[in-house]
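Taking it in order: structure first as C-alpha cells, then the write-up.
The values are calculated or read from the model by the stated rules, or taken from the named source; none is laboratory data. Quantities reported herein were computed from a predicted structural model and do not represent experimental measurements. All Cβ positions, glycine included, derive from the backbone under ideal geometry; neighbour counts span all protein chains shown.
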Amino acid sequence: MSNSEEIVNILVKILEVLERIEQKINGREEIKFDSLALLELPDNLRSTAMALIKLGSGTASDVARITGRGRAIESHYLNTLVKMGYLKKKRVGRRVVYEV
C-alpha cells in the first residue's frame, strides 16, 4: 500500500468519526452500542457497559454487583458513558437509573 492510499484510508476514518460526532451533536443518532463502539471503549468502561446491557437498566449498585467493583467507581464509569452519549440516565426518587 502506498503512502497516498494510507493517507486516504486515514482521512476516510477521520471523516466517519466526525460524521458520528456531528450526528450526536444534532441529536439524530440513537443511543446504542454496536460491536465497534464497544471495542473502542477502554476495558473498564466496556465491562461497565456490558453489565448494563445485560441488565437493560439499573443503578450503579446493580452494575457493581455484576462487575465486582465498588458502587462509586461504577457510578463514575456510568456517568462517563452518559457524557459520551452511550447511556441515558434518569432519577427515580432518590435513585439514579441508567439505561441503554
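Of the residues in the stretch 50-61, how many are crowded, with 19+ Cβ neighbours inside 10 Å and assigned to a helix (DSSP H, G or I)?
Of the residues in that region, 3 qualify.
Got a sec? Which of 64, 37, 72 is among the small types (Gly, Ala, Ser) and at pLDDT below 85?
Of the residues listed, the single one that is among the small types (Gly, Ala, Ser) and at pLDDT below 85 is 37.
If the Cβ limit is 8 Å and pairs must be 6+ apart or interchain, which residue in the stretch 7-21 that is within 15 Å of residue 36 (Cα to Cα) pairs with which residue that is of a type in the set (D, E, K, R)?
From the stretch 7-21, the pairs are 20/29.
How about the stretch 68-95: which of its residues are more than 16 Å from the chain's Cα centre (by Cα) and crowded, with 16+ Cβ neighbours inside 10 Å?
Listed by number, the list holds a single entry, 69.
Just to verify a result, which residue in the stretch 63-100, among those that are in contact (Cβ under 8 Å) with a residue 40 or more places away in the chain and not aliphatic (A, V, I, L, M), is nearest to residue 44 (Cα to Cα)?
86
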